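Working notes for the structure below.
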């Protein structure tokens, strides 16, 4: 069987954000153009475009003390986990994992409850009114189907994002995961095993794809679940909601245990 | 189109919210979502997707691209995935990926604009829409009047990097047709010229398009005054980045911890402007400890060349190939002989020739010169510990191949030229120039264009002679243009075409530049966006974006390959815009047949294509016709060009072979054909060099301090380091909404060291006032308090500070307009900017 996986080599990433830009053009172009159009007619165009949600982003993390300064470019993206909390949280089965490992959302089944958004420890999902469903990274499966690599992988100048079949021992991802001792797999010590691997020096290991990004920018905070949960009111009490919540908390709890 | 999901993506484009939208107002936005599913309606028949090859124009690195087009809309720009280019391979950066948001930017200039009231210059008031004919007619009448009055030289074109790199060939014939010699570019003197001349004085070439650090093979890399990862020209970024992990060591010398420093093994936070001292001390160690490559120096450099005690060449002869032959001391025969005849040329020692002249080899002089430039001496200047310098020099000389990076920008300090000359010499000492793993010539470097002599009437020449700026002629000094506009010095320039550049933000002194523009009789701005400079225009002509135009055939710059490339129109122009060549031709046509005919005659001469064929093809096919005529003349296979956008004539292996051949045969484009440790070009210039500038002109090497050295007097004063951020290009990308989205918060801010900030009571995110002690102006900014910059230095990006109210997506908080910190003054050799020769005072707002 195929298990699609990505390696993000943080030792190679130059922080140029080509990946994030390619992803906008490939996957969120329509949303971007609409956002731009709306923003142009408003008095706060800059703020409106700054609020635009990205499926993947690069976050520079500055650490160290002068002159022993350090900088690492963290990446935020859906990790396409096995046993993903988002899949478990989804009450309708809209969020599912394909046999090849890719976690997708069936737009026709998505009811917009956003449990998956809250369940995801990585902030990798968002409600998107433009498609009337949850939007998230798809590993560009529409390009894979045509034999093309995901947009971010295709464009990365430093070859820091590498994509392939983990089950194929000859593939570059399998080789790196097998041989590079600095490979870090999030969630590997609990049940949700990530399909995105980070190559990261030990000094930065704790930062790699950590749900608690040290540099919380305004847009990350915006998608925090709490204020939205408050707006749920009666709906949160429905059976669906309760079930989702139980799964969500279970997943989250095991996540926290895993990190400890 | 394969794959059902590819189709689905398109479906989303046509997704309609349908009837539920009406009911939605009664429900909360959350409730609305439960009324799913919404069915896609009215799917339109799809066009098969097309991939149109082109050249990116988001920055000057000219990456080859493919544009995916469907139903006449550009969807995505990507690197040439299926046929990697010798330049950017198959990759592009964030800016390149965001090109579609330039194309579809609602802020674009959409039609020609004319303003009749000159008193409104500097504002956006008073413009009215005009037809192309009216605009051409108005310009043509004005130009004809100037020609009739014998005032042609008052006309000038100021071009940006796009004009300089590729369009100058098509703009000069326009100027010639109207009788003006004045084509100038902002990139040259504002960007790279002093650096380029530093390199040229050593290897005969030095533009970033002509030389390349061999990232694929270098083992020990020193990156100085440069940020490869942060400026990310993909041609370099792709090579530098993909080799990470292979290098034995990468050392970054930079007052600020840059994106490149993040990838380095060692960061040396040097005091701004003092890199030259570090390089001189490296020479000292390498020579004192005999770590240099003696064989390389003897064979390929003019290190053995005999000089008299007055530091003048002892006897030279002009050879048949135009190269200068010189004398060396042959230890075998114990006498001075022509260099090519020496069996055992001496590098060291003092000798007396048969005609009783006391001589020493260049290397001996160099050795004596750098004797006092010890690491301890340099420590005092650079703030880099002597032990570290010593170690750096030793590692550099013993971990081969080693190279100091070529750099790109180089107009920071008064000592810019000498700094890069020294970098070239350190590379030469370890045998890296033109060798694998060192600094090599690109295809463009090999295709040495014949040097053209500028007209004696050229404003930069006349100005340079008057003010004793020895390299002003070659430097296309923007300062000369400024003086000509502002003061009529050396003669007035009253009619200016600004093409794809933004002098108000790019030339030193935003206010001064604006005032100078107001003095013009006519200012025509040709651009795609309502940039700051356009507010000063009388006529604004909107250009196609690079995705909407065909182009002539260009020689490929930057790449280790000899190749040609072009752009193909990916989508039809969205607005009433035109190609800049169409504009030039249109204006000349409006002036009359004789001007129009001259254009083709002159252009034909420039590009070696039959003039009548050019004219005929252009009239039939537009700008694409020019490309067709060129391709036909040069026998470039059109099918390949149309598929890939480029055709390789000589590949990398061939270029590398030719590089070595130039070295072996002594046919580098220097006067001697050798790597010049003693520069004959500089020696020639010395004569015209005024006394106070001699320090910067010396043909060997010499410590030349930056003007700001040790001028910081108190805790609230700072040196200034500036740079680029990866998502932006100069000031030209801040209106791209998605690039704004991607720019990290701190990249907009002024970086100030944590300890220094604490002393001033400044916290991260505080509003601060930056006062330039040079211009006296105060600018508001936001502080980024960080451990990633020297305590005595602030860092900021030059990419922001736009004021134009028509740029709606620009940042909505204070950013520094860098040109506000500067005044129009210039570096002594080329009349170039010296943008980092300032001290600022910082306080909390």
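Read-outs: derived from the displayed coordinates by stated rules, not from any lab. Given the structure is predicted, the values throughout are model-derived calculations rather than measurements. Please note: Cβ atoms are built from the backbone with ideal geometry, for glycine as well, and neighbour counts cover all protein chains shown.
Nearest 5 percent is fine: what portion of the DSSP beta bridges confined to the protein assembly as shown is antiparallel?
65
Would you mind computing, in nm to one decimal, how far apart the modelled labels at residue B:455 and residue B:216 are, each placed 7 Å from Cα along Cα→Cβ?
If labels sit at residue B:455 and residue B:216, their model points lie 4.3 nm apart.
Work out the mean other chain Cβ neighbour count within 10 Å for the residues of A:4-16 and drop it here as an integer.
For this peptide, the per-residue mean of nearby foreign Cβ atoms is 5.
First measure r as the distance between the Cβ atoms of residue B:780 and residue A:51, then evaluate 1/(1 + (r/R0)^6) with R0 = 22 Å and state the FRET efficiency to the nearest 0.05.
Given R0 = 22 Å and the Cβ-Cβ separation, E is 0.40.
Can you sort B:120, B:244, B:278 from fewest to most other Cβ atoms within 10 Å of each residue's own Cβ?
Arranged by neighbour count, lowest to highest, B:120, B:244, B:278 become B:120, B:244, B:278.
Cβ neighbours within 10 Å, averaged per peptide: list B:85-91, A:178-184 in order, most packed at the top.
For the peptides B:85-91, A:178-184, the packing ranking is B:85-91, A:178-184.
For residue A:168 paired with residue B:813, estimate the spin-label separation in nm (one decimal), with each label point 7 Å from Cα along the Cα-to-Cβ line.
So the two model labels end up 4.6 nm from each other.
How far is it, in nm, from the label point at residue B:318 to the one at residue B:387 when both lie 7 Å from their Cα along the line to the Cβ?
Rounded to a tenth, the inter-label distance reads 5.6 nm.
For segment B:719-756 and segment B:556-628, compute the distance between their C-alpha centroids and round to whole Å.
Answer, in whole Å: 36.
Return the average number of partner chain Cβ atoms within 10 angstrom of each residue Cβ along peptide B:65-74.
Per residue, the average neighbour count from other chains is 1.
Please state the relative contact order of chain B as a whole percent: Cα pairs under 8 Å, 6+ residues apart?
Reported relative contact order: 18 percent.
Ranked by Cβ crowding within 10 angstrom, fewest neighbours first, how are B:329, B:124, B:463 ordered?
B:124, B:463, B:329
If R0 is 22 Å, what FRET efficiency do you get for residue B:608 and residue B:144 from their C-beta distance, rounded to 0.05?
E(calc), rounded to 0.05, equals 0.15.
In deg cm²/dmol and to the nearest 500, what is the mean residue ellipticity at 222 nm of the protein assembly as shown if only DSSP H runs of at least 4 residues count, each as -39500 (n - 2.57), divided by the residue total?
It comes out at -9000 deg cm²/dmol, rounded to the nearest 500.
Sorted from fewest to most neighbouring beta carbons within 10 Å, what does the list B:58, B:476, B:283 look like?
Least to most surrounded, the residues fall as B:283, B:58, B:476.
Using a/c under 1.5 as the rounded threshold, could you call segment B:595-674 rounded, prolate or oblate? The axes a ≥ b ≥ c are square roots of the C-alpha gyration tensor eigenvalues, and prolate needs a/b larger than b/c, oblate otherwise.
Oblate.
Taking the Cβ-Cβ separation of residue A:191 and residue A:126 as r and a Förster radius of 22 Å, what is the calculated FRET efficiency to the nearest 0.05?
0.35
Fully extended, how many nm does the chain gain between residue B:594 and residue B:466 (0.36 nm per residue separation, minus their Cα-Cα distance)?
42.6 nm
Considering only DSSP beta bridges where both residues belong to chain B, give the percentage that are antiparallel (nearest 5).
60
Mind checking the mean number of beta-carbon atoms from other chains within 10 Å of the Cβ atoms in B:234-241?
What the average comes to for B:234-241 is 4.
Does segment B:409-451 come out rounded, prolate or oblate, given a ≥ b ≥ c as the square roots of the eigenvalues of its C-alpha gyration tensor, rounded meaning a/c under 1.5 and, failing that, prolate meaning a/b above b/c?
oblate
Pull out a ≥ b ≥ c, the square roots of the eigenvalues of the alpha-carbon gyration tensor of the protein assembly as shown, then state rounded if a/c is under 1.5, prolate if not and a/b is larger than b/c, and oblate in the remaining case.
Here the protein assembly as shown falls in the prolate category.
Express in nm, to one decimal, how much length is gained between residue B:632 and residue B:803 on full extension, taking 0.36 nm for each residue of separation and deducting their alpha carbon distance.
Using 0.36 nm per residue and subtracting the Cα-Cα distance, I get 57.0 nm.
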